[in-house]
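To keep things clear, I will list the structure first and then write my remarks on it.
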């Protein structure tokens, strides 16, 4: 204790003396302090130099100083990772806090060779993760198809059974200047043939690709943005079945890879229900408290959330602006006269989001000019865009990029091809020109085309919001309601714009004021509300289920809210609840169009290319009507239900409707539609081919009607429902009576009918002697198991038909006076004899 006190006293004496000295001569004291600091710095520098002499030089190929790897010649693009380019090499500088983060690699063919689809199509999506193992960085492919919560014991077993494959491995070349990251050389990721990032396997198989030609492949660029990295590289492959360059046996494509940072905290999932139409994804969850593995499916949707300060308003039923709006930018390349139409199509969905409780949830903006924002890019994942592409492809599509862990849509780029206007012009002409003066010309005025562009824009945006096609939608409206101006202006021409219910071909010339196309409809509002309306008190996807199911059950049995994609009531390009009635109106309009076709396609000084195009569209539209009607034969309707709902899911088309469909095709197609064979048109378009074209159209309908699977469904219907079913024997009788009606009268048989009758005999021969090709296992869920011809009732019925036909043809020969008809019947009899008694 005494010693400590003495030391303390000495310390204070020294301190006091120093203080007095400084006070007495401050300039000298300051000078001495500076000299002392300089001496200390010199000593430290000498010590560091001595240590540097003792420190071994970095091993060749090991981790180098940053400046040794990323030299002054490097061109650096800053963003999610800093991307450095030195000569032809590319380096990623990956921050340490990005290691282990989930990322999504979206691969597209940006530019294609001739015959290989179209640019912009997505070919592969994989979740990736960059991880450090010692002095290497591994790029791993992360699977979300099998999961279990980390907190559960079974998660270890799931992890052990699903080791993440390593896509690539890279040596760490250097650490960042401040050691906050690592630098790797990723040149081989772009220059080598890394299959998940290159041409898809289906194309490699189709075109017989053997290997990459490095001499004709190169890197276009690697660009970094705040939340994504964009890679572009041209790849040339040796391909023995090239669709574009058979001379040298190769194909060249430009690949685009978008590496997107996924949210650190995934959005809460919303569980899928097949009774409502949504794009969905699935994972097999081993962590559920059930006695088997179970696949959980959840929606693809944007993250729309209520702000905390607006929750009370939302609960009161007031509309609120979401935390983050869905914003679409219109590409700078879009012609100015179409910009507003595309924006209107986007914002048409605001009414649907209002049903979900949000206002201004989706808005459209024009992309900023280079002067307004030189850094803005449509490839920046922060921006969703409508990209206007100079392409002859008559199409548009609306893909989106989603977080596979949660289904959250991160961004979307709608590809808008210039020639979609060609498609719109054809459809609008052939479906409405009979009643619509605005469509009765080779070119539409800008106001009409703007309305059509708005329609397509709205449809494609619906896909980017998560909605698939709903082909059952148009079947909800009675056919004659589509002739009502009051009804169609209030309801549109279908409950959903996501149906392929293009334009109102049912309306007749006297139906003044009728609407011609669908809008965002009652089903769309319901579907968006079901998928997007927040359920604030639900803390998990399972907590939401009672509410979601109640919303569905409130609409149970109402056809306006039905979703379906795959039965005779849910067809593409159709309208109304009765295909026969709707098609009769459509054919009446086609006849009017053919009568005026030359006038409505006339342009002074032009050739007949426009006439040829629209005449072809008339034929295509007629074929659609026949297809709509033909689907009723053997048709089965699906009404998706859960186990606690009453009634069956599958029901056969009514017997009367199936028979009506056969008679409709007989009356409108097998009784040759001579109105389609306008001599004034054909004489200007072709020297030969009209007869063969008609024969093909008639025979296709016949072969489709007497198709293995349809016959199998008729057999099953009869087995289950007896006399309430349209039986296979009735079908064969109706077909025979329709195709061979001349036999009863002994009248002349024209060229078209003779061809059709021979086709009928050939089809019967196929059914008598052939076998249905086996259905691949992966398609049986869509097409059924097929038919065993040798053990089914098909051949006994066909044999009976052939004998009946044999008798009737033999009897008709002597009472047929027309020589060509008699020769035809003699030949037909010989053909039948050879089938029944082959020599």
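The values are calculated or read from the model by the stated rules, or taken from the named source; none is laboratory data. Everything numeric here is computed off the predicted structure, so don't read it as measured data. So basically every Cβ, Gly included, is an ideal-geometry build from the backbone, and we count neighbours across all protein chains shown.
I'd like to verify a number: residues in the stretch 625-669 that are in a helix (DSSP H, G or I) and under 18 Å from residue 719 (Cβ atoms), how many?
If we filter the stretch 625-669 for residues that are in a helix (DSSP H, G or I), which is where we start, we get 625-630, 655-669.
When the remaining residues are screened for being under 18 Å from residue 719 (Cβ atoms), the result is 655, 658.
Number satisfying all stated conditions: 2.
Residue check: is residue 572 under 25 Å from the mean Cα position of the chain (by Cα) and under 26 Å from residue 278 (Cα atoms)?
On the way: under 25 Å from the mean Cα position of the chain (by Cα): yes; under 26 Å from residue 278 (Cα atoms): yes.
So residue 572 passes the test.
Does residue 473 fit the bill of being in contact with a helix residue (DSSP H, G or I) (Cβ under 6 Å, 6 or more places away or on another chain) and within 13 Å of residue 277 (Cβ to Cβ)? Step through it out loud before you land on a result.
On the way: in contact with a helix residue (DSSP H, G or I) (Cβ under 6 Å, 6 or more places away or on another chain): yes; within 13 Å of residue 277 (Cβ to Cβ): yes.
Considered against the rule, which asks whether it is in contact with a helix residue (DSSP H, G or I) (Cβ under 6 Å, 6 or more places away or on another chain) and within 13 Å of residue 277 (Cβ to Cβ), residue 473 comes out as yes.
I'd like to check something: does the stretch 484-492 contain any residue that is assigned to a helix (DSSP H, G or I), in contact with a helix residue (DSSP H, G or I) (Cβ under 9 Å, 6 or more places away or on another chain) and more than 29 Å from residue 440 (Cβ to Cβ)?
The first filter runs over the stretch 484-492 and keeps only residues assigned to a helix (DSSP H, G or I), leaving 485-491.
Checking which are in contact with a helix residue (DSSP H, G or I) (Cβ under 9 Å, 6 or more places away or on another chain) leaves us with 487-488, 491.
With the extra rule that they be more than 29 Å from residue 440 (Cβ to Cβ), the set shrinks to none.
No, the stretch 484-492 contains no residue that is assigned to a helix (DSSP H, G or I), in contact with a helix residue (DSSP H, G or I) (Cβ under 9 Å, 6 or more places away or on another chain) and more than 29 Å from residue 440 (Cβ to Cβ).
Can you confirm whether residue 504 is assigned to a helix (DSSP H, G or I) and either in contact with a strand residue (DSSP E or B) (Cβ under 6 Å, 6 or more places away or on another chain) or surrounded by 23 or more Cβ atoms within 10 Å (Cβ to Cβ) (or both)?
Details: assigned to a helix (DSSP H, G or I): no; either in contact with a strand residue (DSSP E or B) (Cβ under 6 Å, 6 or more places away or on another chain) or surrounded by 23 or more Cβ atoms within 10 Å (Cβ to Cβ) (or both): yes.
Criteria not met by residue 504.
Are any residues in the stretch 417-432 under 20 Å from residue 339 (Cα atoms) and over 16 Å from the mean Cα position of the chain (by Cα), and if so, which ones? Show your work before the answer.
Looking only at the stretch 417-432, we keep the residues that are under 20 Å from residue 339 (Cα atoms), and these are 417-425.
Once the filter is applied, which keeps residues that are under 20 Å from residue 339 (Cα atoms) and over 16 Å from the mean Cα position of the chain (by Cα), the stretch 417-432 yields 418, 419, 420, 421, 422, 423, 424, 425.
Specify which of the listed residues (393, 414, 435) is in contact with a strand residue (DSSP E or B) (Cβ under 6 Å, 6 or more places away or on another chain), more than 17 Å from residue 342 (Cα to Cα) and not in a helix (DSSP H, G or I).
Checking each option against the conditions leaves just 393.
Could you tell me whether the stretch 796-814 includes any residue that is surrounded by 12 or more Cβ atoms within 10 Å (Cβ to Cβ), at pLDDT 95 or above, at negative phi and assigned to a loop (DSSP other than H, G, I, E, B)?
Scanning the stretch 796-814 turns up at least one residue that is surrounded by 12 or more Cβ atoms within 10 Å (Cβ to Cβ), at pLDDT 95 or above, at negative phi and assigned to a loop (DSSP other than H, G, I, E, B).
Which condition number does residue 716 fail, the rest of (1) touching a strand residue (DSSP E or B) at 6+ places or on another chain (Cβ under 9 Å); (2) free of Cβ contacts under 8 Å to residues at least 12 places away in the same chain; (3) outside any helix (DSSP H, G or I) being met?
Of (1) touching a strand residue (DSSP E or B) at 6+ places or on another chain (Cβ under 9 Å); (2) free of Cβ contacts under 8 Å to residues at least 12 places away in the same chain; (3) outside any helix (DSSP H, G or I), only one is false for residue 716: (3).
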